[in-house]
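Down below is the structure, laid out as structure tokens.
The values are calculated or read from the model by the stated rules, or taken from the named source; none is laboratory data. All values reported here derive from a predicted model rather than from experimental measurement. Counting neighbours? That spans all protein chains shown, and the Cβs are built from the backbone with ideal geometry, glycine included. In case anyone asks, the SASA skips ligands and DNA or RNA and just uses the protein heavy atoms, side chains included. Shrake-Rupley method; radii C 1.70, N 1.55, O 1.52, S 1.80 Å.
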Amino acid sequence: MPSGALNPLLKEVVFSDVNVSFTPHPVTGKLPVLKNADAVKRSVRNLILTNFGERPYEPLYGGNVRALLFENTDDPLLDSLIQSRIEAAIENFEPRAKVDRVVVDVKPDSNALVIKIRFTILNERFPVDLEVAIERVR
């Protein structure tokens, strides 16, 4: 095989998920599909926003982060608790991603959390950044 030629037996790994909006494409009428980094980012976001017990038959699925919005924000251990829950959830339930860093910014005045996650997707060179803001509605 000449150098520089592509091996026809090797396939590119493509991760894909259906977009949760379920609005069909205006021209084709097909559901939009998220691919690779967008699919994994959506999956990680959904994972950390899922509380324990919300998924049938998997009581420990999720990051249980929304449940911590009602905790005392003066607690110095709250950041590390949220960080460890997110890392454990991604490690246990999202095999396509490896967590590099999780930064939690608690905003007590607005009853909100801003979570910044940097992770690497399998078979990708560059890390992906995801920011999720969670607010208490009451």
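What to note about this one:
- Accessible surface of the stretch 17-138, 1.4 Å probe: 51 percent of it comes from carbon and sulfur atoms.
- Once the C-beta distance of Asp38 and Ser84 is scaled by a Förster radius of 30 Å, the resulting FRET efficiency is 0.70 to the nearest 0.05.
- The stretch 20-138, dipole about Cα centre (Lys/Arg Cβ +1, Asp/Glu Cβ -1), debye to the nearest 20: 580
- Full extension of the chain between Ala112 and Arg136 gives 8.0 nm of extra length, using 0.36 nm per residue less the Cα-Cα distance.
- Set the Cα radius of gyration of the stretch 50-138 against 2.2 N^0.38 Å, with N its number of residues, and you get 1.13.
- Placing pseudo-labels 7 Å out from each Cα toward the beta carbon at Arg125 and Glu91 gives an inter-label distance of 2.9 nm.
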